[in-house]
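K.L.:
Once you've had a glance at the structure underneath, I'll fire off some questions.
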Amino acid sequence: MAGLLTATVVVGAAPILVFLWPAPARGQKKTTLKVSLATPITQLANGDAIKFDAPTSPNSAFVMADGGGDNAPGDLAFGGFVVKDLQGNTNVFAINCSHLGCSIALNPDAKTFDCPCHGSRFHLDGTVLHGPAADPLSHLTWKQGNDATTINVDGLILGF
Ligand code: FES
């Protein structure tokens with residue numbers, strides 16, 4: 001009888017205890033994410049860009065370094081572009097449009113980044129060419145890796 005009473009109390013109290021002491025939230029760990037590029041960065045011509053995605057194993061995201069509008073320093077991005085602008089400067093940008101965060105795409109003919117959602121366009125140096133976006137693209141903080149197809153980008157491992 002005592003055993004049955006104890007079991008009943010434990011089963012009845014468990015949901016209350018879980019509510020009062022929930023499991024810790026899944027963590028995020030700052031790290032440098034190693035990204036393999038489809039094209040060696042040394043073969044990038046002026047006006048060209050290479051798209052890349054955040055690693056998924058483990059689940060990861062890049063951390064925006066700057067930006068404005070819908071992008072802010074510390075916001076997460078799940079993709080980006082290495083781009084060499086028309087002056088030959090190399091930059092790495094988060095894939096997110098600064099208007100409302102849609103993914104931009106390279107327009108290889110116009111040499112611009114275009115957003116399919118509301119028509120914003122950006123120069124390859126990240127500045128706004130055409131609204132509604134009012135703010136530039138966000139940079140990602142990066143360094144060249146050990147070879148021409150690898151870059152190391154500041155990011156987070158999610159949910160470890
Ligand atoms: S989200 Fe890009 S133009 Fe609106």
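K.L.:
Could you grab me the full set of residues in segment 113-160 that are of a type in the set (D, E), touching a residue at least 40 places away in the same chain (Cβ under 8 Å) and within 16 Å of the ligand (Cβ to nearest atom)?
P.N.:
Across segment 113-160, the qualifying residue is only D135.
K.L.:
Continuing with this model, one more query. Inspect segment 73-86 for any residue being touching a Lys or Arg at 6+ places or on another chain (Cβ under 8 Å), surrounded by fewer than 20 Cβ atoms within 10 Å (Cβ to Cβ) and within 26 Å of G159 (Cβ to Cβ) and give the result as yes or no.
P.N.:
Yes, some residue in segment 73-86 is touching a Lys or Arg at 6+ places or on another chain (Cβ under 8 Å), surrounded by fewer than 20 Cβ atoms within 10 Å (Cβ to Cβ) and within 26 Å of G159 (Cβ to Cβ).
K.L.:
Out of segment 98-112, which residues are in contact (Cβ under 8 Å) with a residue 40 or more places away in the chain and either buried (at least 22 other Cβ atoms within 10 Å of the Cβ) or near the ligand (Cβ under 8 Å from one of its atoms) (or both)?
P.N.:
S98
K.L.:
Would you call L76 of a type outside the set (F, W, Y), in contact (Cβ under 8 Å) with a residue 24 or more places away in the chain and within 15 Å of the ligand (Cβ to nearest atom)?
P.N.:
The answer is no for L76.
K.L.:
Among (1) at pLDDT below 95; (2) crowded, with 16+ Cβ neighbours inside 10 Å; (3) out of contact with any Pro (no Cβ under 8 Å at 6 or more places or on another chain); (4) among the polar types (S, T, N, Q), which single condition is Q144 missing?
P.N.:
(2)
K.L.:
Something else about it: So how many residues does segment 31-46 have that are in contact with an Asp or Glu (Cβ under 9 Å, 6 or more places away or on another chain) and either under 15 Å from L106 (Cβ atoms) or without any contact (Cβ under 8 Å) to a residue 24 or more places away in the chain (or both)?
P.N.:
Count: 2.
K.L.:
Failed condition for A105, given (1) closer than 15 Å to K143 by Cα; (2) among the aliphatic types (A, V, I, L, M); (3) modelled with pLDDT of 95 or more, with all others met?
P.N.:
So the condition that A105 fails would be (1).
K.L.:
Run L137 past the list (1) hydrophobic (A, V, I, L, M, F, W, C); (2) part of a loop (DSSP other than H, G, I, E, B); (3) in contact with a Leu (Cβ under 9 Å, 6 or more places away or on another chain); (4) closer than 24 Å to D154 by Cβ and report the number of the one that doesn't hold.
P.N.:
Exception for L137: condition (3).
The values are calculated or read from the model by the stated rules, or taken from the named source; none is laboratory data. It should be emphasised that the depicted structure is a prediction, and the values quoted were computed from it without experimental measurement. Positions of Cβ are backbone-derived with ideal geometry, glycine not excepted, and every protein chain shown enters the neighbour counts.
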